[in-house]
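Each reported figure results from applying straightforward, stated rules to the coordinates on display, with no laboratory input. All values reported here derive from a predicted model rather than from experimental measurement. Note: ideal-geometry Cβ built from the backbone for every residue, glycine included; neighbour counts use all protein chains shown.
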Amino acid sequence: MEQRIQLLPQALQILIGEYNVDHRVQIRKVNQEFMDTVYVPCRICHAPFNREFCSVDYFIIQKYKLSCHWCDINCFHQDTDSALKLKCLNALEEYMKGPD
């Protein structure tokens, strides 16, 4: 295998040499800790945030100081805190409208 790698261009050899399997496992842990910090679990079923990182979601959460998350529309409808749901919907609507 090493002989085959040496036949490749130097730039590819360097990239292959930098590949680190252990790093992938470690970064996965860091990423999960980051997601758990940024996105709180679902208010109703307590499921963790399981979508890919979405900077728009994060921006809305930070800009409008939201402290909640629903994992799907069913949990959203089960929530009885109408004021909180309205705050989240208004934040989303305001964000989607954009600047006047």
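Points worth noting:
- Tilt relative to the chain, helix 82-97 - C-alpha long axis, 0 to 90 degrees, to 10: 60
- Once the Cα-Cα distance is subtracted from the 0.36 nm per residue extended length, the TYR64 to LEU7 segment shows a gain of 15.0 nm.
- Environment charge of HIS46, counting only residues whose C-beta is closer than 14 Å and scoring Lys/Arg +1, Asp/Glu -1: -2
- Packing-based ranking, highest mean first, of 36-47, 71-82, 13-24 given that Cβ atoms within 10 Å are counted: 36-47, 71-82, 13-24
- Extension gain, VAL25 to CYS75: 0.36 nm times the residue separation minus the Cα-Cα distance gives 14.8 nm.
- Förster radius 35 Å - calculated FRET efficiency between ALA83 and LEU15 (Cβ-Cβ, nearest 0.05): 0.10
- Net charge, SER67 excluded, C-beta distance under 11 Å - Lys, Arg +1, Asp, Glu -1: +3
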